[in-house]
Amino acid sequence: MFKRLRVNTEPKKIIPDLEDISVSQLIGDASLPVTIKALNSLPENAKLRLYRVLIPVQVLAEFDINPRTWKNLEKIQQVRMDAEQGSDKVKIHAWHGDDPQNEFFYLELADNQYNGIDMNFLIANNPTSEKYRTDYDNEGRDTLFGTVHRNIIEEEKAMQAGLSPGQVREGLRCSSIVFTHVETFLTMMAHHAFFLEPLTYVSAWIFEKRGFAYSKGHQLMDTIHKEFQPGGKLHKALDGSTPFRQPDQWKSVRGRAWAIHDGILQAIDKKWDDLKMIKQVGRHAGVSTFPDAEY
């Protein structure tokens, strides 16, 4: 139904600036969108009540974390909320065990310049699965998901283990329920949509399946699909020159993603950057740039 959804590439402000919204307006008009910065001005317990909905009960239950207290069976804190007064961001961290660095869930939402909501990060990994150090190179530098530096040896191990670019562990496969919770939260805040930038080709494909459309980058995705077909420039560039460019990788989302991560888009004078996506609350855009894809 929404396959040909058109998206405005120049968003307009959808609500007034924060200083223009009075307390009486917030109380009196439930249809007036509220910024994260406004929520962050509330007392700590009030923020906690509102932001708890962002992390699904099912995800916490898998690791015996109480969804109300955010503590495990030993009464040890396992979830942290960062929502400081004056900040326009909220960050939810959840970890497994004694080390807060062993995060299995991380979500960051932020106000954008149009007073809409951006999803900056969503990470959901299985903390009990094997970890591949694709996040640091051999010199101990942060790879920033492989966008600045790379750890080729660990990336190859991760690929062989069935992971996609940017993953250090296998995923929790919970994106559908997480997005449902985010949309519930945004409905409470009276927002009609939220925005994000897909980090990888796999991310873009998953977001398509979750109902997102492109405000920027749809043409690139169509070009990638076309050029990965037999006879296309990307298909020809799958020449076996690296472990990430094997001839049959065009057939799967994950195979294409690793080739793109390896820089194969140079064959069509393109880069994987500046893609932007939008999800309208309660609507599925019906976009599919890789029809009948296998993961």
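When you scan region 41-57, how many residues do you find that are in a loop (DSSP other than H, G, I, E, B) and either in contact (Cβ under 8 Å) with a residue 60 or more places away in the chain or surrounded by 14 or more Cβ atoms within 10 Å (Cβ to Cβ) (or both)?
Counting residues in region 41-57 that are in a loop (DSSP other than H, G, I, E, B) and either in contact (Cβ under 8 Å) with a residue 60 or more places away in the chain or surrounded by 14 or more Cβ atoms within 10 Å (Cβ to Cβ) (or both) gives 4.
Looking only at region 176-218, which residues are charged (D, E, K, R) and in a strand (DSSP E or B)?
Across region 176-218, the qualifying residue is only K216.
Quick check on my filter: what residues within region 155-170 are part of a helix (DSSP H, G or I) and either surrounded by fewer than 20 Cβ atoms within 10 Å (Cβ to Cβ) or in the same structural domain as H96 (by TED's automatic domain parsing) (or both)?
Residues satisfying the conditions are E156, K157, Q160.
The conditions are (1) without any contact (Cβ under 8 Å) to a residue 40 or more places away in the chain; (2) β-branched (V, I, T); (3) farther than 21 Å from H284 by Cα, and I206 fails exactly one of them. Which is it?
(3)
Take the conditions of a type outside the set (G, A, S), under 19 Å from S175 (Cα atoms) and not in a strand (DSSP E or B) and apply them to L60. Does it pass?
yes
Do we find a residue being under 20 Å from A158 (Cβ atoms) and in a loop (DSSP other than H, G, I, E, B) anywhere in region 219-238?
Yes, some residue in region 219-238 is under 20 Å from A158 (Cβ atoms) and in a loop (DSSP other than H, G, I, E, B).
Does region 179-200 contain any residue that is of a type in the set (D, E) and either within 30 Å of F104 (Cα to Cα) or touching a Phe, Trp or Tyr at 6+ places or on another chain (Cβ under 7 Å) (or both)?
yes
What tally of residues in region 125-154 results from selecting those that are outside any loop (DSSP other than H, G, I, E, B) and buried (at least 16 other Cβ atoms within 10 Å of the Cβ)?
Residues meeting the conditions: 2.
Tell me, yes or no, whether region 128-144 has at least one residue that is of a type in the set (A, V, I, L, M) and modelled with pLDDT under 95.
Among the residues of region 128-144, at least one is of a type in the set (A, V, I, L, M) and modelled with pLDDT under 95, which makes the answer yes.
Does region 77-87 contain any residue that is without any contact (Cβ under 8 Å) to a residue 60 or more places away in the chain and at positive phi?
Yes, that holds for at least one residue.
Across region 54-87, what is the total count of residues that are among the small types (G, A, S) and touching a Phe, Trp or Tyr at 6+ places or on another chain (Cβ under 9 Å)?
Selection size over region 54-87: 1.
Identify, from the list E227, E208, E197, E183, the residue that is among the acidic types (D, E), at pLDDT 95 or above and over 27 Å from I117 (Cα atoms).
Result: E227 is the single residue among E227, E208, E197, E183 that is among the acidic types (D, E), at pLDDT 95 or above and over 27 Å from I117 (Cα atoms).
Among the residues of region 133-149, is any hydrophobic (A, V, I, L, M, F, W, C) and touching a residue at least 12 places away in the same chain (Cβ under 8 Å)?
yes
When both residues are 6+ apart or on different chains and their Cβ atoms are under 7 Å apart, which pairs have a first residue that lies in region 270-295 and is free of Cβ contacts under 8 Å to residues at least 24 places away in the same chain, and a second that is crowded, with 18+ Cβ neighbours inside 10 Å and aliphatic (A, V, I, L, M)?
Once the first residue is free of Cβ contacts under 8 Å to residues at least 24 places away in the same chain and sits in region 270-295, its partners that are crowded, with 18+ Cβ neighbours inside 10 Å and aliphatic (A, V, I, L, M) give K271/L265.
The values are calculated or read from the model by the stated rules, or taken from the named source; none is laboratory data. Quick caveat: nothing in here was measured; it's all calculated off a predicted structure. Note that each Cβ is placed from the backbone with ideal geometry, even for glycine, and that neighbours are counted across all protein chains shown.
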